1. Using a 1.4 Å probe on the protein heavy atoms, what percent of the accessible area of segment 98-193 belongs to carbon and sulfur?
2. How far apart, in nm, are the 7 Å Cα→Cβ label points at THR265 and TYR199?
3. Can you bin the chain into rounded, prolate or oblate? Criterion: square roots of the alpha carbon gyration tensor eigenvalues sorted a ≥ b ≥ c, rounded for a/c under 1.5, prolate for a/b above b/c, oblate for the rest.
4. Give me the 1.4 Å probe accessible area per residue for the chain, excluding ligands and nucleic acids, in Å².
5. Please find, in a Gaussian network model of the chain (springs between Cα atoms separated by less than 10 Å), the residue of ARG232, ARG95, ARG103 whose mean-square fluctuation is greatest.
6. Filter the chymotrypsin sites (Phe, Trp or Tyr not before Pro) in segment 114-192 down to the DSSP loop ones having no more than 16 other Cβ atoms within 10 Å, then list what survives.
7. For the pair ARG163 and GLU243, how long in nm is the line joining their label points, each one 7 Å along Cα→Cβ?
8. Which of the chymotrypsin sites (Phe, Trp or Tyr not before Pro) across segment 13-85 are loop residues per DSSP, with 14 or fewer other Cβ within 10 Å?
Amino acid sequence: MNDATDRPLRILVIGAHPDDCEYKAGGLAALYRRAGHDVCFVSVTDGRSGHQTRYGPALAAERREEAAASARVLELEYRVLSHPDGALQPTLEARAEIIRLIRGYDPDLVLTHRPNDYHPDHRLTSQLVGDASYLLTVPAIANDVPALRRMPVIMYLSDEFQRPYPFSPLLAIDIEPELELIVAMLACHRSQFFDWLPYNRGELERVPSTPDDQRRWLRDWYLSLIEPLADRYRQQIIAVYGEERGRRIKYIEAFETCEYGDPLTPALRRRLFPFLPDEGQRE
């Protein structure tokens, strides 16, 4: 992690598939971009299996185009790696690729999936990032890219899985001002939010036919999914924003610290999340 404090923060979100980053950290990314910081989304797999009728290289190319369109909403960087969707393996070669990627970007903060998750690509993406964490500082490993002097802070994206332990966020972030940007990014992934995911949920017939109606339908669906988070993590919201504002917040993203990264000290928290209120500024 670069210790310079006069440069924009560098935020690296590593998801398993195109759309994972937007779905779990799109609001946070919007907050960083609004403040002039750098954000890079990564999809470790190419998305080639995420459709009910279209598969393989053609779908992978389509999903790269969707990711690029999503990136333009916030003017951020979006990288889609070449591992096949549904067939990711935690090989030494994949680990070295993740080490090189993180070192080359030199992030202050890395976000990724938790290691317990329904999807093997999510679990193995988390494993690859975790396995890379300490080795980022070891010069002998992947030595064609200079080692980092310190590990970045690593945090987990939210989920609802209870075993072996439930998601336990340190930070809950108010994303309500960024909802329209999040929906705009999600809507770029047309093959997912208007085809595959509704099909997989057994409700493809409910998807409207016109773009405007599709956007409204997607917004309603997305809000219905994230709205319960605010009540679930109300105490974490209040800890960040204070009692008065914390009780009013309806839509959040939440993040859990990973023990493998640099510890998130109070001073580092203030630097990495400059848009959050300080103790004396809470309502």
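The values are calculated or read from the model by the stated rules, or taken from the named source; none is laboratory data. Predicted model, so just to flag it, every value in this text is computed and none were measured. Quick reminder, even Gly has a Cβ in these numbers, built from the backbone with ideal geometry, and neighbours come from all protein chains shown. Surface accessibility is based on the protein's heavy atoms, side chains included, excluding ligands, DNA and RNA. Shrake-Rupley method; radii C 1.70, N 1.55, O 1.52, S 1.80 Å.
1. Roughly 55 percent of what the probe reaches on segment 98-193 is carbon or sulfur.
2. It is 5.2 nm.
3. oblate
4. Counting only protein heavy atoms, the per-residue value for the chain is 45 Å².
5. ARG232
6. When the chymotrypsin sites (Phe, Trp or Tyr not before Pro) of segment 114-192 are filtered for loop state and at most 16 Cβ neighbours within 10 Å, TYR118, PHE161 remain.
7. Output for this residue pair reads 4.0 nm.
8. Answer in residue order: TYR55.
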